[in-house]
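Notes follow once the structure below has been shown.
The values are calculated or read from the model by the stated rules, or taken from the named source; none is laboratory data. Because the structure is predicted, anything quoted here is derived from the model rather than measured. So basically every Cβ, Gly included, is an ideal-geometry build from the backbone, and we count neighbours across all protein chains shown. These area figures cover heavy atoms from the full protein model, side chains too; ligands, DNA and RNA do not enter into them. Shrake-Rupley method; radii C 1.70, N 1.55, O 1.52, S 1.80 Å.
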Amino acid sequence: MDKDKFIEVLIEEYSEQVKDIIITGYSNSGSKLNFRWLNGKLQALRIDQSPLSLSEDEWYELIFELAPDVYDDLYYGRYAA
């Protein structure tokens, strides 16, 4: 499965699980996300034919779609200080 299709599947079928991963990762790491940890948790979902990992940009796309409050805090929080 290519990454675009994989991201679509994550958004449509695994949104709650991925949102929980994002929120947990954000609350544990603060303003700098640990993308290795996020990818590890994503792999634990054991989705058939999933790619090994997502890039930082792909994670931000997921965060924007599934956890917009986290996205806003990550993006705008840098400029608010």
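Data table
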quantity	calculated
Members of the range 16-37 that are closer than 18 Å to Pro51 by Cβ and either in contact with a His (Cβ under 8 Å, 6 or more places away or on another chain) or of a type outside the set (A, V, I, L, M) (or both)	Gln17, Phe35, Arg36, Trp37
Verdict on Asp48 being farther than 18 Å from Met1 by Cα, surrounded by fewer than 18 Cβ atoms within 10 Å (Cβ to Cβ) and modelled with pLDDT under 95	no
Single residue of the range 19-41 satisfying the filter (of a type in the set (A, V, I, L, M) and in contact with a Phe, Trp or Tyr (Cβ under 7 Å, 6 or more places away or on another chain)) that is modelled with the lowest pLDDT	Leu33
Where a residue in the range 56-81 is farther than 17 Å from Leu10 by Cα and modelled with pLDDT of 90 or more and its partner, wherever it lies, is open to solvent by less than 100 Å² (accessible area, probe 1.4 Å) and not β-branched (Val, Ile, Thr), with Cβ under 6 Å and at least six apart	Val70/Tyr26
